[in-house]
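Here is the structure we will look at, set down as structure tokens.
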Amino acid sequence: MSILHTVNKSPFQKNDFSSCLSHANAGDAVLLIEDGVYGAVSGTEAAKQISSAEASVYVLGGDLAARGIASDKIADGITVVGYDGFVDLAAEHQAVNSWL
Amino acid sequence: MKFGVVVNEGPYTHQASDSAYNFTKAALAKGHEIVRVFFYHDGVNNGTRLTVPPSDDRNIQENWSALAKEHELDLVLCIAAAQRRGILDENEAKRQGKDADNVAEGFRISGLGQLIEAGIQADRLVTFGD
């Protein structure tokens, strides 16, 4: 069963993103929202884990912009989506798991 | 597709209420159905009509009420969570001997069974919280 995981905590606050990446399987998607978008910044320990993750990683563009994170600061391998993309990801996967 | 939305965090806390609202709006815009938005724990604070944010700030409660009116959404506040936090509809205010009620337009108070039902009826249940 494919799952969309959402992570809303900064990797500097909690280790949800790291745990989520370890648990997510191939075919799953991980979407960073709210303070979770800090995990998408290139050069961080969290972002380094993305290259070896099985799941595809996405980040919510509006939440990046709200935090002043420019698109050229995003680590390679992460796709920026809007709320319509969030809805599509939720529809495309069989379940949504919010890491709260 | 049918979506159910759960909101576990109060408005103006972190971002969960705004995220849930934006997700709900985007899903409706794409032609999906929202079977119910269930407000649980501090999330019930989204449903008080006595909220008065500064005029230059968004009014989260009014945004929900307007969206509910436009799309005939079912916005449900968990009764046990609501009573603990002083959120009452007319019937409950009368039953508890209180002199006022404060449930906002478009919201209703009901039980946890409504969350279970939303989970069964919806193809996807998406939770927002702290």
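Nothing in this text is a laboratory measurement; each read-out follows from the coordinates by a stated rule. Note that the structure is predicted; figures quoted are calculated from it, not measured. Neighbour counts are summed over all protein chains in view; Cβ atoms, including those assigned to glycine, are modelled from backbone coordinates with ideal geometry.
Using only Cα atoms, what Kirkwood radius does the protein assembly as shown have, in angstroms? Walk me through the numbers on the way to the answer.
Working: mean 1/r = 0.0547 Å⁻¹.
For the protein assembly as shown, the Kirkwood estimate is 18.3 Å.
Averaged across A:83-94, how many Cβ atoms of other chains sit within 10 Å of each residue's Cβ atom?
Details: counts 10, 5, 1, 6, 14, 3, 0, 10, 7, 1, 1, 2.
So the per-residue partner count for this stretch is 5.
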TODO: Considering only B:E105, B:E70, B:E62, give the residue with the highest GNM mean-square fluctuation for chain B, with springs between Cα atoms whenever their separation is below 10 Å.
DONE: B:E70
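Where Lys and Arg each count +1 and Asp and Glu each count -1, what net charge lies around A:S42 among other residues with Cβ under 11 Å from its Cβ? The partial results should precede the final answer.
Numbers: positive: A:K48, A:K73; negative: A:D72, A:D76.
Its environment carries a net charge of 0.
Neighbour counts of other C-beta atoms within 10 Å: give me B:R85, A:R67, B:R36 arranged from fewest to most.
Numbers: B:R85 18, A:R67 13, B:R36 22.
Neighbour counts put them in this order, fewest first: A:R67, B:R85, B:R36.
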Task: Shielding by other protein chains, B:3-16, mean Cβ within 10 Å - done: 2
Open item on the list: Using Cα-Cα distances under 8 Å and only pairs 6 or more residues apart, what relative contact order does chain A have, in percent?
Closed with: 36 percent
Open item on the list: Percent of Cα-Cα pairs more than 15 Å apart in region A:16-74, please.
Closed with: 43 percent
Open item on the list: What is the sum of charges, Lys and Arg at +1 and Asp and Glu at -1, for the other residues whose Cβ falls under 11 Å from the Cβ of B:G86?
Closed with: +1
Task: Selected from B:S110, B:S65, B:S55 as most flexible by GNM, with chain B as the system and alpha-carbon contacts under 10 Å - done: B:S55
Task: Candidates A:Y58, A:Y83, A:Y38, ranked by Gaussian network fluctuation over chain A, Cα under 10 Å, top entry - done: A:Y83
Task: Mean separation of Cα contacts under 8 Å (6+ apart) over length of region B:2-128, as relative contact order % - done: 35 percent
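Fewest Cβ neighbours within 10 Å first, please rank A:M1, B:M1 accordingly. The partial results should precede the final answer.
On the way: A:M1 8, B:M1 14.
Exposure proxy ranking, most exposed first: A:M1, B:M1.
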TODO: Return, for the Cα atoms of region B:2-128, the radius of gyration and Dmax in Å, separated by a comma.
DONE: 13.9, 44
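Considering Cα pairs under 8 angstrom that are at least six residues apart, work out the relative contact order of region A:16-74 and quote it in whole percent. Don't jump to the answer; show the numbers that get you there.
Numbers: 72 pairs, mean separation 24.2, N = 59.
Computed over region A:16-74, the figure is 41 percent.
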Open item on the list: Can you compute the helix-only [θ] at 222 nm over the protein assembly as shown? Use -39500 (n - 2.57) per DSSP H run of at least 4 residues, normalise by all residues, nearest 500 deg cm²/dmol.
Closed with: -9500 deg cm²/dmol
Open item on the list: Over region B:68-109, what portion of Cα pair distances is larger than 13 Å, expressed as a whole percent?
Closed with: 51 percent
- [ ] Provide, for q = 0.14, 0.15 Å⁻¹, the log10 of I(q)/I(0) from a solvent-free Debye sum over equal Cα point scatterers in chain A.
- [x] -0.42, -0.49
Task: Ranked A:I78, B:I34, criterion: other C-beta atoms within 10 Å, fewest first - done: A:I78, B:I34
- [ ] Give me the lysines in straight-line cross-link reach of A:K73: C-alpha distance below 16 Å, same-chain residues under 8 apart excluded.
- [x] A:K48
